[in-house]
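One structure is given here, and the rest of the page talks about it.
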Amino acid sequence: MYIHIASGVADLHSVDFIHNDLHEQQFLYQDGLFKLNDFNYAKPMYVDKNTNETCTISEKFSMGLFGRSLEEMQYKVDYEGFTPVKPDKIDVWMMGNLMYTVLTDLQVWNKKKRRNEDIKLKQAKRLVAGERPPIPKHILESNDPVHIAMMNALDMTWKYNWMERPSARSIADYLIRELRTITGEEAPDLRINFLNEVSLFLYIPSYIVSLTYGLHLS
């Protein structure tokens, strides 16, 4: 499932959009595949015509604190070390929130308390200070190569400095390599067929985007 998550996000980024609302309810399961869904909050990524670099954003984060990225929480709590961030790195952090739930069966945020703004603010401040949600001991101390690969991918998504945070594609590629190492299979690149499964027409204000993606693991 990690590969499905990272590859779906990477494909969205490849057409210069971010999802902007990644969590466990944003994927549909069909024919053995987890497919990225719900693009109501998707946003385009802009490129600086002078530098050809993706533009950073420093404000106008549209969502609340629950389930969001580190940089958005830094902005919300007026963290003095906040720096403008490239939008795809926001998605990568949120991708980590989802991967954490898949790995641990826990959530970054306590859903029972999600409506309590004071509690959310305290949790946000702890994350901004460098705290991370706990990983159960049996996973943290596991020698299972699957657990190790999943924890490594999680660490990549949660790099504190967004400039050091890998792209979704780099994380997907890492996971594919690890899967091959673990299974011992020398199958063709799993990413080759990633754009062949299903076509989704997404409505975004002022934009109509046709995306096609899926992942063959056979």
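The values are calculated or read from the model by the stated rules, or taken from the named source; none is laboratory data. As the structure is a computational prediction, the values presented were derived from the model and not from experiment. Cβ coordinates were reconstructed from backbone atoms using ideal geometry, including for glycine residues, and neighbour counts include every protein chain displayed. Note: areas computed on protein heavy atoms with side chains; ligands, DNA, RNA excluded. Shrake-Rupley method; radii C 1.70, N 1.55, O 1.52, S 1.80 Å.
Split the accessible area of segment 123-167 by element, probe 1.4 Å, and carbon with sulfur accounts for 57%.
Between rounded, prolate and oblate, where does segment 126-173 land on the alpha carbon gyration tensor, with a ≥ b ≥ c its root eigenvalues, rounded for a/c under 1.5, else prolate if a/b exceeds b/c? Verdict is oblate for segment 126-173. An oblate overall shape is assigned to segment 78-180, the ratio a/c of its alpha-carbon gyration tensor axes (a ≥ b ≥ c) being 1.5 or greater and a/b not exceeding b/c. Karplus-based coupling profile of segment 161-166, in residue order and whole Hz: 7, 4, 5, 9, 7, x, with θ = phi - 60° in 6.51 cos²θ - 1.76 cosθ + 1.60 and x standing for Gly or Pro. Length available on full extension from residue 164 to residue 101: 0.36 nm per residue minus the Cα-Cα distance, which gives 20.4 nm. Stretching the chain fully between residue 183 and residue 118 yields a gain of 18.8 nm (0.36 nm per residue, less the alpha carbon separation). Highest mean first, the peptides 43-55, 7-19, 85-97, 169-181 sorted by other C-beta atoms within 10 Å per residue fall in the order 85-97, 7-19, 169-181, 43-55.
Close amide H contacts of residue 17 (hydrogens built in the peptide plane, cut-off under 5 Å, sequence separation of 5 or more or a different chain): 45.
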